[in-house]
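To keep things clear, I will list the structure first and then write my remarks on it.
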Amino acid sequence: MVNDKQAQTKVPQITLAFWVIKIFATTLGETGGDAVSMTMGLGYLASTALFFLIFIAFVTAQIRTQRYHPWLYWAVILATTTAGTTLSDFLDRTAKLGYMGGSLLIASVLVLVLLTWRLTLGRIGFQQIYGAKVEAFYWTAILVSNTLGTALGDFTADNGSLGFMGGAILFGGLLVLVALAYYFTKASRALLFWLAFVLTRPLGATLGDTLTKSHEQGGLAFGTLWSSAALALVMVVLIVLTSTPSRTVQDG
């Protein structure tokens, strides 16, 4: 029984292993989204609709469950990364907003979601996630942040001179700065968490493009299908190695 001093949570502990799996998930979201929308030829709009249906199914199951299930949690994360990939591509390319316009629009939506969360529930969480209202805000913020990260990654790689690998190094470096702020400053932990969460997405997007794009485009030409299969296998292994039963978070 959960009491006032002990709040159950339905998310994993925020450790180095969490961020490693998150980066693999975002990279797989990029390659998997591109595999369906481009390699299989489904297109951005139809792919987005497909991935949103998958996301809704998984997130509904996640909210209805009463405890943390590692496989279900990471399935929802993966669904947000694939849906975010194709939605961002649709806005940037099909809707012709461009990478800058798409990034600004999605960033505005993310700020609105977080602000509404703060005003509605009094705080923005990332560890004590339990209850339909909190989870609804949590997963909406994750979906939008992964969509934003895709647009940022594409903007950096395609509009700038960094290329895919240069973009990956840039966003990896920014993540290191966030980590340093966590260890050496008293900055808001919630703010740092969501900054890191957003930054892992463009890192994954640029890493995914590095794996799949042709040599002429600056990639390794492994292809979307083979890259997705390899990334999925690594994710499965990591989740097996790090899975823990449902846990509780002590209030300070």
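In the set 45, 50, which member is over 18 Å from residue 228 (Cβ atoms), surrounded by 15 or more Cβ atoms within 10 Å (Cβ to Cβ) and not small (Gly, Ala, Ser)?
45
Of all the residues that make up segment 187-203, how many are assigned to a helix (DSSP H, G or I) and either in contact with an Asp or Glu (Cβ under 6 Å, 6 or more places away or on another chain) or free of Cβ contacts under 8 Å to residues at least 24 places away in the same chain (or both)?
3
Surrounded by fewer than 20 Cβ atoms within 10 Å (Cβ to Cβ), among the aliphatic types (A, V, I, L, M), part of a helix (DSSP H, G or I) and free of Cβ contacts under 8 Å to residues at least 12 places away in the same chain, is that true of residue 238?
No: the conditions fail for residue 238.
State whether the residues of segment 83-99 include one that is surrounded by 22 or more Cβ atoms within 10 Å (Cβ to Cβ), without any contact (Cβ under 8 Å) to a residue 60 or more places away in the chain and either of a type outside the set (D, E, K, R) or touching a strand residue (DSSP E or B) at 6+ places or on another chain (Cβ under 9 Å) (or both).
Yes: segment 83-99 contains one or more residues that are surrounded by 22 or more Cβ atoms within 10 Å (Cβ to Cβ), without any contact (Cβ under 8 Å) to a residue 60 or more places away in the chain and either of a type outside the set (D, E, K, R) or touching a strand residue (DSSP E or B) at 6+ places or on another chain (Cβ under 9 Å) (or both).
Taking segment 141-170, which residues are small (Gly, Ala, Ser) and within 19 Å of residue 48 (Cβ to Cβ)?
141, 145, 149, 151, 153
Just a yes or no: is a residue in segment 6-21 closer than 17 Å to residue 232 by Cα and of a type in the set (S, T, N, Q)?
no
Quick one: which residue in 129, 124, 106 is within 29 Å of residue 42 (Cβ to Cβ) and either of a type in the set (A, V, I, L, M) or free of Cβ contacts under 8 Å to residues at least 60 places away in the same chain (or both)?
106
Go through (1) surrounded by 14 or more Cβ atoms within 10 Å (Cβ to Cβ); (2) within 18 Å of the chain's Cα centre (by Cα) and name the single condition residue 39 misses.
Condition not satisfied by residue 39: (2).
Considering every residue within segment 3-21, establish whether at least one is in a helix (DSSP H, G or I), touching a residue at least 12 places away in the same chain (Cβ under 8 Å) and not hydrophobic (A, V, I, L, M, F, W, C).
no
In segment 118-145, which residue that is of a type in the set (S, T, N, Q) and surrounded by 14 or more Cβ atoms within 10 Å (Cβ to Cβ) is farthest from the chain's Cα centre (by Cα)?
Among residues in segment 118-145 that are of a type in the set (S, T, N, Q) and surrounded by 14 or more Cβ atoms within 10 Å (Cβ to Cβ), the one farthest from the chain's Cα centre (by Cα) is 128.
Any residue in segment 151-174 that is closer than 9 Å to residue 203 by Cβ sitting within a Cβ distance under 8 Å of a residue that is of a type outside the set (A, V, I, L, M, F, W, C) and surrounded by fewer than 16 Cβ atoms within 10 Å (Cβ to Cβ)? List the pairs, counting only those 6 or more apart or interchain.
Partner pairs satisfying both residue conditions: 167/160.
Here, each number is a calculation from the coordinates, and none is a lab measurement. These numbers were taken from a predicted model, which means no experiment stands behind them. Quick reminder, even Gly has a Cβ in these numbers, built from the backbone with ideal geometry, and neighbours come from all protein chains shown.
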